[in-house]
Amino acid sequence: MSDAPLILLVEDEPQMRRFLRVALEGAGYRYLEAATGAEGLVMAAQHKPDVMLLDLGLPDMDGLKVVSRLREWSALSVIVISARGQESDKVGALDAGAHDYLTKPFGTRELLARIRVALRHAGPQPEEEPVFVLDRWRVDLAKRLVHVEGKEVHLTPLEYSLFTTLIRHAGKVVTHRQLLQEVWGGAAGAQPLYLRVYMTQLRHKLEEQPSHPKYLRTEPGVGYRLVTEV
């Protein structure tokens with residue numbers, strides 16, 4: 001059993017957790033469970049499961065937010081299990097980064113088949129460390145904490161999203177268009193001006209000399225780059 005795939009269930013309904021525990025353990029999988037989105041994210045970071053089964057209707061946050069936060073630092077396979085059966089719900093979950101969507105109620109055989117597919121597609125994965133360290137910075141991507149020289153720095157949600165997008169593409173130029181799409185989601189009215197404003201705010205919070213940034217560099221006419229070697 002120690003080599004069996006580890007499945008993390010994030011589900012707030014006790015009856016559903018009991019049903020899935022029996023099904024998964026009976027199929028030979030190792031099993032963990034969480035009743036809230038925040039708990040699920042922490043367990044994903046600590047235990048590095050092979051597949052996450054995720055309900056959308058959680059008590060502390062919507063499942064789509066769980067997927068979005070997870071995607072800031074992990075490529076873990078996510079199968080949404082939800083009573084929401086509208087096409088828009090499925091499209092939203094898949095666009096957010098889920099790999100599959102299973103509508104409740106469902107049968108054990110179908111669930112196990114979906115898990116087998118997810119495991120085949122995932123293949124062997126290198127261990128992911130949800131912490132980014134660079135010089136004076138330490139970013140815990142699972143807990144969404146940013147420290148500069150050991151002191152916690154508060155970033156607004158948009159500042160944090162912009163920063164973590166640059167971290168995901170560290171060392172590479174990220175275009176204005178790509179940043180607007182990933183941070184603002186293509187929201188109507190989003191313009192490169194927003195990027196300049198938020199990048200200025202980030203530099204003032206993170207750089208030693210905001211007017212001469214060492215790491216958060218502008219690529220004129222193209223976008224921005226997080227420099228990892230100076």
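The values are calculated or read from the model by the stated rules, or taken from the named source; none is laboratory data. What you see is a predicted model, and the numbers here were worked out from it, not measured in a lab. When we count neighbours, we look across all protein chains shown, and the Cβ atoms used for this are built from the backbone with ideal geometry, even at glycine.
List of remarks:
- Only one of the numbered conditions (1) without any contact (Cβ under 8 Å) to a residue 40 or more places away in the chain; (2) closer than 21 Å to ARG168 by Cα; (3) of a type outside the set (Gly, Ala, Ser) is not met by LYS48, and that is (1).
- Pick from segment 3-36, criterion among the small types (Gly, Ala, Ser) and in contact with a Gly (Cβ under 7 Å, 6 or more places away or on another chain), ranking: surrounded by the fewest Cβ atoms within 10 Å (Cβ to Cβ): ALA4
Here is a yes/no grid of residues against (1) more than 21 Å from ASP140 (Cβ to Cβ); (2) assigned by TED's automatic domain parsing to the domain that holds THR165; (3) of a type outside the set (Val, Ile, Thr):
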residue	(1), (2), (3)
ALA34	no, no, yes
VAL67	no, no, no
GLU72	no, no, yes
LEU76	no, no, yes
ALA83	yes, no, yes
GLN86	yes, no, yes
VAL91	yes, no, no
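- With respect to the conditions (1) in contact (Cβ under 8 Å) with a residue 24 or more places away in the chain; (2) under 18 Å from the mean Cα position of the chain (by Cα); (3) closer than 26 Å to VAL131 by Cβ, ALA38 falls short on a single one, namely (1).
- Taking segment 7-35 as the range and being of a type in the set (Gly, Ala, Ser) and in contact (Cβ under 8 Å) with a residue 12 or more places away in the chain as the test, the residues that pass are ALA23, ALA27, GLY28, ALA34, ALA35.
- Top-ranked residue in segment 97-126 [being in contact with a helix residue (DSSP H, G or I) (Cβ under 7 Å, 6 or more places away or on another chain) and small (Gly, Ala, Ser); ranked as modelled with the highest pLDDT]: ALA98
- Hits in segment 173-199 (condition: closer than 23 Å to HIS147 by Cα and exposed (fewer than 14 other Cβ atoms within 10 Å of the Cβ)): ARG196, VAL197
- Answer residue from segment 69-111, given it is out of contact with any Pro (no Cβ under 8 Å at 6 or more places or on another chain) and aromatic (Phe, Trp, Tyr) and is surrounded by the fewest Cβ atoms within 10 Å (Cβ to Cβ) among those: PHE106
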